[in-house]
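The values are calculated or read from the model by the stated rules, or taken from the named source; none is laboratory data. This is a predicted model, so every value here is computed, not measured. A quick note on method: Cβ atoms are made from the backbone with ideal geometry, for glycine too, and the neighbour counts reach across all protein chains shown.
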Amino acid sequence: MNISSIVVQTMPKFLDEVVESLKNCEACDYHLHDEKGRIIVTIEGEDVSEELGKLKVIEAIPHVIAADMQMAYSEDELDANIKVINESDAVPAVLNDADVDIDRVVYHGDLKKKDGELQEFAKDLSNPTGVK
């Protein structure tokens, strides 16, 4: 299941009409609007294709200038990320290895030198073991 928020834009003179159309629209759930013509709705769908179909329905409402997806939530994607987090070790392997030479451990905690070391820090990110 996917859930996405959409910002719908209309001209202020058509705001009441567009809000009413969105409230009566089966494709979305109306949440709020402001006096400038920005309206927030959400859509749900089993997949992206279904969500895009609902977005096209919203775009076709008279006086809608734009309808843009802002935030998206995918249940399958979240489940996959949770699985990766649960199966990974929160402590880097180098910290669990008593045989690692301490002089080879990469340390990034000195904020006083951070500006000059940003390039080196970025290079070290490509080394997930934390050992030079």
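Cβ-Cβ distances below 6 Å connect no pair with a first residue in the range 72-98 that is within 29 Å of Ile6 (Cβ to Cβ) and modelled with pLDDT of 75 or more, a second residue that is basic (Lys, Arg) and surrounded by 11 or more Cβ atoms within 10 Å (Cβ to Cβ), and a separation of six or more residues or different chains.
Entry remark, the range 1-20: residues being hydroxyl-bearing (Ser, Thr, Tyr) and buried (at least 19 other Cβ atoms within 10 Å of the Cβ) number 2 in total.
Filtering the range 21-44 to residues that are under 16 Å from Asp68 (Cβ atoms), touching a Pro at 6+ places or on another chain (Cβ under 9 Å) and loosely packed, with under 14 Cβ neighbours inside 10 Å leaves only Lys36.
Selection of the range 62-71 for residues being surrounded by 12 or more Cβ atoms within 10 Å (Cβ to Cβ) and part of a loop (DSSP other than H, G, I, E, B) yields only His63.
Residue pairs whose Cβ atoms lie under 8 Å apart, separated by 6 or more positions or on different chains, with the first residue in the range 36-65 and assigned by TED's automatic domain parsing to the domain that holds Asn24 and within 20 Å of Val18 (Cβ to Cβ) and the second hydroxyl-bearing (Ser, Thr, Tyr) and assigned to a helix (DSSP H, G or I), are Ile61/Ser21; Pro62/Ser21.
Here's the yes/no breakdown for (1) under 21 Å from Tyr73 (Cα atoms); (2) assigned to a loop (DSSP other than H, G, I, E, B); (3) over 26 Å from the mean Cα position of the chain (by Cα):
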site	(1), (2), (3)
Ser4	yes, no, no
Val8	yes, no, no
Phe14	no, no, yes
Glu17	no, no, yes
Leu32	yes, no, no
Lys36	no, yes, no
Ile39	yes, no, no
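With the condition kept exactly as written, say whether any residue in the range 72-90 is surrounded by 15 or more Cβ atoms within 10 Å (Cβ to Cβ) and not in a strand (DSSP E or B). No, there is no match, as no residue in the range 72-90 is surrounded by 15 or more Cβ atoms within 10 Å (Cβ to Cβ) and not in a strand (DSSP E or B). Residues of the range 41-60 that are part of a strand (DSSP E or B) and either in contact with a Cys (Cβ under 8 Å, 6 or more places away or on another chain) or β-branched (Val, Ile, Thr) (or both): Val41, Thr42, Ile43.
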